1. Is it true that some residue in region 169-180 is open to solvent by less than 30 Å² (accessible area, probe 1.4 Å) and either without any contact (Cβ under 8 Å) to a residue 24 or more places away in the chain or of a type in the set (S, T, N, Q) (or both)?
2. Just to be sure I understand, how many residues within region 92-115 are within 29 Å of the chain's Cα centre (by Cα) and modelled with pLDDT under 90?
3. Residues being part of a helix (DSSP H, G or I), open to solvent by 60 Å² or more (accessible area, probe 1.4 Å), more than 19 Å from Lys105 (Cα to Cα) and of a type outside the set (D, E, K, R): count how many of those fall in region 119-153.
4. Give me the pairs, please: first residue somewhere in region 121-147 and among the charged types (D, E, K, R), second residue anywhere and not in a strand (DSSP E or B), beta-carbon distance under 6 Å, and either six or more positions apart or on two chains.
5. What's the number of the condition Ser115 fails, among (1) over 30 Å from Ser190 (Cβ atoms); (2) touching a residue at least 40 places away in the same chain (Cβ under 8 Å); (3) of a type in the set (Ser, Thr, Tyr)?
6. Which residue, of Ile93, Ile82, is closer than 30 Å to Ala187 by Cα, assigned to a helix (DSSP H, G or I) and of a type in the set (Val, Ile, Thr)?
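The values are calculated or read from the model by the stated rules, or taken from the named source; none is laboratory data. This is a predicted model, so every value here is computed, not measured. In this analysis, Cβ positions are derived from the backbone assuming ideal geometry, glycine residues included, and neighbour counts consider all displayed protein chains. Just so you know, the surface numbers come from the protein's heavy atoms only, side chains and all, with ligands and any DNA or RNA stripped out. Shrake-Rupley method; radii C 1.70, N 1.55, O 1.52, S 1.80 Å.
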Amino acid sequence: MATQKKKADIISDENKEKKSQDTQQTHREEKDEELNTKEQELMKRIAELDKECAEWKDKYLRSIAEFENYRRRSNEEKADWIKMATQKFALEICEVADNFERALKQVSEDKKDDSFVKGMMMIAEQLKRVMEKEGITKIDALGKPFDPVIHDALAHIPSEYEENTVAAIIQNGYMMYDKLLRPARVAVSSGKLEQKTAESEPKEINEATESKGEDSNDLDIKITD
């Protein structure tokens, strides 16, 4: 009986130990499962935070870029405003320069050595340098192809130039830095004078004109709107 009881106690202890081991295993599995669940939740949260961080970073970079573009545009607009702030005054200076040019063109060759004329020429040159320093330059139009952006055509005339070429300057045009200050008022060539004369006059009239020695080079100016 003692032996049987002892065996029963041993079996009971083994069952208890096994049950305890099973319980511990169950607890470990539950704990591992809980840890896995928490790990998955943490990984999911990290992924969400990474995505949110990337979105905020993108917004930040866009904001910086937009601000830089705004600052650049503001600086350019400010620079343009400063450059063009004296536009009205510059136009008046251009009128003075034009008057100097007209006056000096009237000076005959024998008068160019006169001290007064030389003084006026020096003042005109000084005025030109001051204008160029302020970004004001005269449009070089004569003999150039007609450009409606910078040229204002007032007439079409036969000339020594090809058709649609600026044949005469009626009023100088000016640029201020890279912007148009005043368009050049010009006469545009309608074709070479010799060709126009040959096309428009009959042969017998040409011969009669040549025999009489009359001048046949009068310009037919046609004013355009």
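1. So in region 169-180, the residues open to solvent by less than 30 Å² (accessible area, probe 1.4 Å) come out as 172-174, 176.
Of the ones still in play, those that are also either without any contact (Cβ under 8 Å) to a residue 24 or more places away in the chain or of a type in the set (S, T, N, Q) (or both) are 172.
For region 169-180, residues open to solvent by less than 30 Å² (accessible area, probe 1.4 Å) and either without any contact (Cβ under 8 Å) to a residue 24 or more places away in the chain or of a type in the set (S, T, N, Q) (or both): present.
2. Applying the first criterion (within 29 Å of the chain's Cα centre (by Cα)) to region 92-115 yields 92-94.
Add one more test, that the residue is modelled with pLDDT under 90, and what stays is none.
Residues that pass the stated criteria total 0.
3. Count: 1.
4. Lys138/Asn172
5. With respect to (1) over 30 Å from Ser190 (Cβ atoms); (2) touching a residue at least 40 places away in the same chain (Cβ under 8 Å); (3) of a type in the set (Ser, Thr, Tyr), Ser115 is out only on (2).
6. Values: Ile82 fails: closer than 30 Å to Ala187 by Cα.
When all the criteria are applied, what remains is Ile93.
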